[in-house]
1. Quick one: putting +1 on the C-beta of Lys and Arg, -1 on the C-beta of Asp and Glu, what dipole do you get for segment 215-347 around its Cα centre, in Debye to the nearest 20?
2. Treating the angle as unsigned and between 0 and 90°, give the value, to the nearest 10°, between the Cα long axis of helix 174-185 and the longest Cα principal axis of the chain.
3. Provide the FRET efficiency to the nearest 0.05 for the residue 335-residue 160 pair, computing r from the beta carbons and using R0 = 25 Å.
4. Computed FRET efficiency, Cβ-Cβ of residue 275 and residue 117, R0 56 Å: what is it to the nearest 0.05?
5. Compute the distance in nm between two label points, each set 7 Å from the Cα along the Cα-to-Cβ direction, one at residue 356 and one at residue 42.
6. Farthest toward the dipole's positive end in segment 193-303, which of 219, 271, 235, given Cβ charges of +1 (Lys, Arg) and -1 (Asp, Glu) about the Cα centre?
7. Using only Cα atoms, find the angle between the long axis of helix 202-217 and the longest principal axis of the chain, and express it within 0 to 90 degrees, rounded to the nearest 10.
8. Counting Lys and Arg as +1 and Asp and Glu as -1, each charge on the Cβ, what is the dipole of the chain about the Cα centre in debye, to the nearest 20?
Amino acid sequence: MIFSKAGFGGAVADFEAAVVAQDAKRSGKAFIRLQETFGRAKETELFAGGPRLAAVLEQVPPSPRAVVAVLVGACVERGADAERCAPGVLAGLRAALEGAVAFGEAWAATGGGAFPVPDDGEPGEEIVERTGFEAAVGWWTLSQWEMAAVALLNHRAVRAGLDGAAAVRAGLDEEAAGARLDERAAGARLDDATVRGQADSGRGELLRLLTAVAQASGQELRCLSYALQVLDDEPLVVLHRPSATGYLLRLSGIGDNFQLHTLLADALIGGGHVAGRAPSPQEVAVCRETPGQVETAGSFELVAPDGDRLWNEGTPADIPVVDGVRLLVLDEPSYARSWPAGRFFPGMRGDLILERALEPGETERWFARVSPAGELTG
């Protein structure tokens, strides 16, 4: 597409050309224009501009790079192709996380102390002297990279692409990688190590870096952490202890266990399979794709197979894997609890499908893998 010289499209074209030419003065002016014109950008400018900016991110100087990534994420939120934007943004996120890890190591090695709180400017001279410029910029810009990356991770294709690329890097060709993922999606009873190996792919690498940053800084980037843990087309065996029944479900795009809780109540109670309070259609809709929040109440106690409580504040990725499938036990709620039903990620469509009720023999075999009912731990 040929951009006009004016507006956001023109600013994108100027910035792209200046960055490629390594013209610092021109790119600085175009960088200011990008921010000034974004709010008035036309739809076509956003669609084309997001991928073009993402493609040159690696060549952008470290300090403004994160701001450009945020603009890319904003373009995606307004309709730009998330898959085309993903490689540049996710590579930048990884570099920022690696920088932040290096920052933590250098900070500890030079006396430690409370981590500095990034401001809107660049890290000061004293900070840079202690940790090095790139490490300081990694820590200083990490919240911006979180914002940009989460905008892209709202899209299932981006999440799948991140895992697929990691599988190929690990030595599988694309066809074999796809077959492995298809096998898992079909609910095959793979061993735990295989399942964890597939989950611990591109997203797993980013999560390890994020965990290291959190341990060093004491600050959790919760939105990024949760986005990286979102499961798609994930088999889930659910045992309802009060009725001694079991169910096979499949979940996708669920950001936290509050959302999962409501959708479970809809599938099992609303579907007439177990007794209890069924959520209203409005409560369910906001947990799938309808904007907004609606007050709801808890219907279950979410319990791990070993008896540990699984908190609504956690994510479906917290549900343990048993014989290759995540296994969740539902008990009667131990106390009344209400919350605003909705989605942790408003831009992410969530879904939970009940595939079938388990046969009595299957249910009995799954119950043999869980601890007896008792006082909750955790």
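What follows is calculated from the coordinates using simple rules that are stated; it is not laboratory data. Please read all numbers here as calculations on a predicted model, not as lab measurements. Neighbour counts run over all protein chains shown; Cβ positions are idealised from the backbone, glycine included.
1. 200
2. Between helix and principal axis, roughly 40 degrees.
3. On the way: r = 38 Å, r/R0 = 1.53.
The calculated FRET efficiency here is 0.05.
4. Once the sixth-power term is evaluated, E becomes 0.65.
5. Between residue 356 and residue 42, the simple spin-label model gives 5.4 nm.
6. The listed residue farthest towards the positive side: 235.
7. 80
8. Dipole of the chain, to the nearest 20 debye: 820 debye.
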